[in-house]
Structures are given as C-alpha cells and as structure tokens.
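Peer 1: Sharing a structure here in structure tokens format.
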C-alpha cells in the first residue's frame, strides 16, 4: 500500500505567510490534502483542540490562524502528517497527537520555555489545557494535591509522570501508588489467589501508566526492590511516608475516614496526591464517598492545591469528551 501511495501522490507543499498571523499550506495533490485533513476535517478539528488556533481547509489549502509560534508548530505538524500519510496510506489519532507533541517540545526548548514539559525516559509529556498546566505546577510545588474530574483528563497519568521524574532525579526515594480495592470495606478474602493476585486487577491502570513512561524491565526491577510500591488503600493504615510521592487513585471510592487516613500518612519530604471522578462512585451508598468532602474541608489550606477538571480537559479519544459532556448534561 505504502509503495502505491508514494508513487501516486505529489508530496510537495507550499507555505504562504499573510498578514494577521495567517499561514496557508498549499497542497499540489488533493488526495494528500484529504488524507491530512481527514473526513469532514476531523484531523484539523483535533489539531484545534490540542493547540490554540483556527484551522480550516479552503480549496487546495489548509489555512491556519494563530500566533507566530503556534503557526510554526502547526506548519511542521502538517508536514509531519503529510509524510505519515504518504508512508502509511492513512492517519491515526495518535499521529495527530504526536505531530503536535514533537514540535511543541522543540519550540518550547528553543525558547527556553520548558517548565510545563515532563520528561520521562520513554516520552516527553506536555499538559494540553490550562487546568493541566496548573495541575502539573501544583504536583511539583504543593505538599498535597486533590484533583477531581472525568475520565481521560490526565489526573493519574500526569501525577505518575511527575512522580517518576522526581524518583529518577533522586528528589524522593519511593513512589507509592494506591487504590481502594473492590469497595470501601475492601473485602478481598472471597477472591481467588494470594494477596497480589487479588488486588492486581484493581491496580492495573497504575501499572499501565508506569509502563507507558518507562521500560517494562526497569519498572519491574523498581517494584521488586521497593522503589515503586503498588498497594491497596487498606495497606496504608498505620504508616508514615517519608521521602515519598504517594498517589491515591479512584479516590471517589474511598470513604471520608479512609481519605483522612491516607492524607495523614504524609511525612518529611513527601507529597500526596488524591485523584477521583465524583460521577463514578461505586460504593453501595454514594454519600459515603469522601472525595468531595476532602476538597471542601481542605481547599483553604495554602499547602494543599485543589484542581477541578471538566470535559474540556479530556485528552483521550475525542468521543470521551462528548460522552462525558452528554452524561453531565443528563445529570
């Protein structure tokens, strides 16, 4: 397929700059233009969501209106997408994301504006929304961060990324990742297998985040020697966490008492992050959830940052944002 594509498509692009920060990308082949823009311009709409710009197709061109820095990022991104389409015969959503990430990072490094970038061994991560930027700053600066919002807003992934960089930079000695298992009571006895086999299914999303950021073998080694600890919430009771970065995920399924217990584990040179989605409470009695109450009780303390995400911060598949918005309207 890729050989036919290379042979039949004219890859040349022309970039024309106009007044009012407008850039036109002129295609000499309409098949390439359609491939880059996507059906009903869906790829251009996805680019608009990632970076602040107006992008649309007109005739045989893609027109970009933004500031000069974003125009350069998008110019390079469209060239990248054109090459991907020529080589592969199609574009996937991950190509759209990669095209922006790569050149946003280059531009930020060039301009010495790298404060928002999280550099991990496998990839560099850029917060996509202002809320995410504020969240990353809070993760780096605050002792405790409480965040709430829908699935796909990066609550856990960004926290794990910041924790991993701090561990690799030896700013902390250990990462602790925790979740409430099964239910608030955490009755695990009826499940088959040893304790690890009982709780692993509930902790799998935390493993997935780690493996996306660092090499599988090295993560496994860190877990074996205790640099990374993954455990159900009940295991936190009675401990004091020193030189640690502790993350409680799915905190909407923890009771008020459990969240209080987790937060009071904080010790010297430690950070604690509590994440959850108040719309996805799995407890038998939803009023038992302690996530919202913890925000209300502790949000006024200067050492604690509270971040509320909404559907506009969703960075997964575009449909996730639409689904979240639809359910929010219904509620």
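Peer 1: For the ranges 36-45, 298-307, what's the packing order if you count other beta-carbon atoms within 10 Å of each residue, average per peptide, and put the highest first? Mind showing how you got there, number by number?
Peer 2: On the way: 36-45: 18.0, 298-307: 15.1.
Those peptides, ordered most packed to least, come out 36-45, 298-307.
Peer 1: Here is a further query. Going highest first, how would you order 255-264, 90-99 by mean Cβ packing within 10 Å? Intermediate results must be reported in sequence, preceding the final value.
Peer 2: Values: 255-264: 18.4, 90-99: 16.6.
Descending packing order for the listed peptides: 255-264, 90-99.
Peer 1: Now a separate question. How fast does the range 2-110 diffuse by Stokes-Einstein, in µm²/s, taking the Kirkwood radius from C-alpha pairs at 25 °C and 0.890 mPa s?
Peer 2: Numbers: Rh = 13.8 Å.
The Stokes-Einstein estimate is 178 µm²/s.
Peer 1: Apply the a/c threshold of 1.5 to the C-alpha gyration tensor of the range 130-182 and tell me whether it is rounded, prolate or oblate. Kindly include the intermediate steps, with their values, before the conclusion.
Peer 2: Working: a/c = 1.95, a/b = 1.18, b/c = 1.66.
In terms of gyration-tensor shape, oblate.
Peer 1: Calculate, for residue 292 and residue 325, the FRET efficiency according to 1/(1 + (r/R0)^6) with r their C-beta to C-beta distance and R0 22 Å; round to the nearest 0.05.
Peer 2: On the way: r = 20 Å, r/R0 = 0.92.
Result of the calculation: an efficiency of 0.65.
Throughout, read-outs are computed from the coordinates displayed, never taken from laboratory work. Every value quoted in this text rests on a predicted model; they were computed, and no experiment measured them. We place every Cβ from the backbone using ideal geometry, glycine too, and count neighbours over all the protein chains shown.
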